[in-house]
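K.L.:
Sharing a structure with you now.
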Amino acid sequence: MPMKILVTGAAGFIGYHLSARLLHEGHEVVGYDSINDYYDPQLKLARLAELGIHTVEAGVKQRSESHAGFTFVKGDLSDRTLLPQLFTDEGFDVVVNLAAQAGVRYSLENPFAYVDSNLVGFVNLLECCRHHRVNHLVYASSSSVYGGNTKVPYAEEDRADNPVSLYAATKRSNELLATSYANLYDIPATGLRFFTVYGPWGRPDMAPMLFSKAILKGEPIRVFNEGQLSRDFTYIDDIIEGVVRVIDQPPTSPKHAIYNIGGGNPVPLMEFIRTLETALERKAQLELLPMQPGDVYTTYADATKLERKIGYKPSTTLAAGIARFVAWYLTWQR
């Protein structure tokens, strides 16, 4: 059944792909994004252009030129006038919150950006959901909440009270805030702990694009902890399939749920680099560096809880996903 869905962070990597999928399925989607300059806003604007939005103006609803069911509003999640008014005007059935200040290392440099977006903005969103009675709030958490846990794979029941970055602390705070609002105000809410999402239209501050750019230019890539790291790389299409299925299944008792969403197959960083070299048909020059503050040694999802809930688990191999990413990246670079 078609729904009206708010997607915050719609100009972002996951938000763009989710908006496109929901529109394809016949839903009405309202995108909301501040289009900040954490990374090149031109990439965000290019994603919006793919959705038929070619001009943006703060606080003004723009209608897509190619998708009748898509409109977009530029605004901050923390705006306590614009966001509540949008809820009043639209009457959303579902809210998917993908807006956040991203990046672990950047949180060491600009902590207030994380407080404003990930904490103040998230409470503003929760208040809007409280007063406008949405049927389901789905929001992005992160594998970073597991901090320095040495037990792997990470399961939802594991400790998440020892974050090693401010970014992780804000994401765990989101989970606790959503739990309290679900309990106090009967708001069905689901938090998804994403594990290293990659694919076409991905973020330029993450390894696939950073490494590809350097390899193609013949420049060295920065390899932290001398390559002794591993990540549970999860292809974007698998993530979107999981999110779409979760949307249709709000939690009932209790009203709040948390799930890992990841491939369940951690890849050593050096293997990832070799896979990227194969797809690019170029060798990488390596600059081996020590461990960075805020980083973790591995991420590894136990996603069996989500698989039981929605009947789906990620299936895209790293080689296939990287090949698709590289095909897009080479076109994008032209």
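K.L.:
How about the range 318-334: which of its residues are modelled with pLDDT under 95 and not aromatic (Phe, Trp, Tyr)? Show your work before the answer.
P.N.:
Looking only at the range 318-334, we keep the residues that are modelled with pLDDT under 95, and these are 331-334.
If the condition is that a residue be modelled with pLDDT under 95 and not aromatic (Phe, Trp, Tyr), then 331, 333, 334 are the ones that fit.
K.L.:
Can you confirm whether the range 186-204 contains a residue that is part of a helix (DSSP H, G or I) and either in contact with a Cys (Cβ under 9 Å, 6 or more places away or on another chain) or touching a residue at least 24 places away in the same chain (Cβ under 8 Å) (or both)? Can you show your working first?
P.N.:
We begin by selecting, within the range 186-204, every residue part of a helix (DSSP H, G or I); these are none.
So far as the range 186-204 goes, no, none of its residues is part of a helix (DSSP H, G or I) and either in contact with a Cys (Cβ under 9 Å, 6 or more places away or on another chain) or touching a residue at least 24 places away in the same chain (Cβ under 8 Å) (or both).
K.L.:
Tell me which helices (runs of 4 or more DSSP H) are completely within the range 1-92 and hold 3 or more residues being under 23 Å from residue 131 (Cα atoms), or say none if there are none. Quick ask: steps written out before the conclusion?
P.N.:
Numbers: elements: 13-24, 41-50, 82-90.
Per the criteria, 82-90.
K.L.:
Looking for something assigned to a loop (DSSP other than H, G, I, E, B) and of a type in the set (Gly, Ala, Ser) - is there at least one such residue anywhere in the range 267-283? Break it down into steps so the answer makes sense when it comes.
P.N.:
Our first condition is that a residue be assigned to a loop (DSSP other than H, G, I, E, B); within the range 267-283, this holds for 281-283.
Cutting the leftovers down to of a type in the set (Gly, Ala, Ser) gives us none.
Among the residues of the range 267-283, not one is assigned to a loop (DSSP other than H, G, I, E, B) and of a type in the set (Gly, Ala, Ser), which makes the answer no.
K.L.:
Taking residue 215 as the residue in question, decide whether it is in contact (Cβ under 8 Å) with a residue 12 or more places away in the chain, surrounded by 23 or more Cβ atoms within 10 Å (Cβ to Cβ), in a helix (DSSP H, G or I) and not basic (Lys, Arg).
P.N.:
Working: in contact (Cβ under 8 Å) with a residue 12 or more places away in the chain: yes; surrounded by 23 or more Cβ atoms within 10 Å (Cβ to Cβ): no; in a helix (DSSP H, G or I): yes; not basic (Lys, Arg): yes.
No.
A quick yes/no check of all residues on (1) of a type in the set (Gly, Ala, Ser); (2) within 21 Å of the chain's Cα centre (by Cα); (3) part of a helix (DSSP H, G or I); (4) surrounded by 16 or more Cβ atoms within 10 Å (Cβ to Cβ):
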| position | (1), (2), (3), (4) |
| --- | --- |
| 210 | no, yes, yes, no |
| 254 | no, no, no, no |
| 259 | no, yes, no, yes |
| 264 | yes, yes, no, yes |
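K.L.:
Oh, and also: Looking only at residues that are modelled with pLDDT of 90 or more and buried (at least 17 other Cβ atoms within 10 Å of the Cβ) in the range 148-162, which one is farthest from residue 264 (Cα to Cα)?
P.N.:
Only one residue tops the list, namely 160.
The values are calculated or read from the model by the stated rules, or taken from the named source; none is laboratory data. Nothing here was measured: the structure is a model prediction, and the numbers come from that model. Backbone-built Cβ (ideal geometry, glycine too); neighbour counts: all protein chains shown.
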